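To keep things clear, I will list the structure first and then write my remarks on it.
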Amino acid sequence: MAIGPSSVIVIVGIILALTYQSILKPPPPKLCGSPGGPPITAPRIKLRDGRHLAYKEYGLPREKAKHKIVFIHGSDSCRHDAVFATLLSPDLVQERGVYMVSFDKPGYGESDPDPIRTPKSLALDIEELADQLSLGSKFYVIGKSMGGQAAWGCLKYTPHRLAGVTLVAPVVNYYWRNLPLNISTEGFNLQQKRDQWAVRVAHYAPWLIYWWNTQNWFPGSSVVNRDGGVLSQPDKDIILKLGSSRKPHLAEVRQQGIHESINRDMIVGFGNWEFDPLELENPFLNREGSVHLWQGDEDMLVPVTLQRYIADKLPWLHYHEVAGGGHFFPLAKGVVDEIVKTALNH
């Protein structure tokens with residue numbers, strides 16, 4: 001008996017489903033505190049939807065601090081990577097009365113994953129963290145690299161809670177609707193081919209990104225594969241100088257799995273946003289706060305040309321370009337102090 005067209009469709013569907021289940025579908029995350037999962041060692045808050053957010057505090061005690069800052073880490077990092085706290089001079093902490101809290105973004109470190117994460121949900125997570133830690137009606141936000149998606153989200157969804165915002169080499173979404181094709185294409189083409197393809201997959205076929213970044217047939221995302229070869233010379237010099245002291249907690253970053261951490265960063269960062277940062281209006285019309293964007297001109301991960309365009313279109317944003325700076329320019333001596341002091345000086 002011949003197989004009819006409908007039977008062929010069913011058979012093909014079954015094969016595709018089995019392929020997805022066995023190869024393409026990411027394994028479930030290893031939740032902290034679950035049987036066989038990583039232990040819970042950090043303080044955590046319980047969020048509105050039942051998820052937990054792990055955090056780490058630095059600087060002065062909350063109740064004594066004059067300025068409270070929430071730091072948002074970048075891709076493949078965690079709450080321990082709060083360089084704006086760990087490299088901040090003790091004298092400046094005391095002089096300006098600085099308290100800082102860093103948290104694990106969902107799926108990183110000891111924070112529960114959020115498979116429906118968006119820039120808006122990240123902004124609401126930050127607001128809830130600030131409320132549960134009693135940081136007051138207004139607080140500062142510093143977002144680094146992929147932490148920029150959350151910082152832009154704060155500017156869009158919770159501007160009334162902000163004392164100031166600083167974006168440091170924030171990853172730009174090539175698919176923002178108001179980013180001209182020639183500008184986005186120019187920046188996109190400055191990436192390695194492997195990263196161009198990874199961005200395309202994250203945007204157009206996010207269901208494929210786990211397989212893409214774990215298969216061995218061809219190189220996936222350079223960030224996921226921790227390939228330092230794509231970095232600029234200034235970044236390589238900084239990493240060489242820091243050596244093994246840079247990330248003693250490296251294993252903790254991805255301990256729940258790569259999909260709900262670094263892959264989710266890519267899916268959110270290069271997905272279809274509900275808003276376009278290029279349409280944002282100045283949240284500080286009365287100059288009660290300020291927004292700053294810092295960018296190294298030798299950054300090979302986030303092209304400087306994109307930031308220059310953003311700064312031109314948002315004249316209320318204070319743009320600081322660091323000559324000879326790569327993606328990790330804040331790790332250079334004295335830079336963190338300069339960035340934090342600038343953020344606190346309205």
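The values are calculated or read from the model by the stated rules, or taken from the named source; none is laboratory data. Predicted model, so just to flag it, every value in this text is computed and none were measured. All Cβ positions, glycine included, derive from the backbone under ideal geometry; neighbour counts span all protein chains shown. For accessibility, only protein heavy atoms count, side chains too; no ligands or nucleic acids. Shrake-Rupley method; radii C 1.70, N 1.55, O 1.52, S 1.80 Å.
Observations
- Close pairs from the stretch 288-312: first free of Cβ contacts under 8 Å to residues at least 40 places away in the same chain, partner crowded, with 17+ Cβ neighbours inside 10 Å and part of a loop (DSSP other than H, G, I, E, B), Cβ under 7 Å, at least 6 apart: ASP297/GLY325; VAL304/ASP297
- The residue that is farthest from GLY136 (Cα to Cα), among those in the stretch 51-76 that are assigned to a loop (DSSP other than H, G, I, E, B) and touching a residue at least 40 places away in the same chain (Cβ under 8 Å), is ASP76.
- Residue that is nearest to the chain's Cα centre (by Cα) [pool: residues in the stretch 311-326 that are open to solvent by less than 10 Å² (accessible area, probe 1.4 Å) and more than 18 Å from PHE284 (Cα to Cα)]: GLY326
- Output for the stretch 129-154, where each listed residue is open to solvent by 10 Å² or more (accessible area, probe 1.4 Å) and within 18 Å of the chain's Cα centre (by Cα): TYR140, LYS144, SER145, MET146
- Considering the stretch 76-87, and only residues there that are out of contact with any Leu (no Cβ under 9 Å at 6 or more places or on another chain), open to solvent by 10 Å² or more (accessible area, probe 1.4 Å) and under 15 Å from VAL168 (Cα atoms), the residue that is modelled with the lowest pLDDT turns out to be ASP81.
- Residues in the stretch 195-238 that are buried (at least 17 other Cβ atoms within 10 Å of the Cβ), of a type in the set (D, E, K, R) and either free of Cβ contacts under 8 Å to residues at least 60 places away in the same chain or closer than 27 Å to PRO27 by Cβ (or both): ASP195 only.
- Within the stretch 94-126, the set of residues being surrounded by fewer than 22 Cβ atoms within 10 Å (Cβ to Cβ) and more than 29 Å from ALA251 (Cβ to Cβ) comprises GLN94, GLU95, ARG96, GLY97, LYS120, LEU124.
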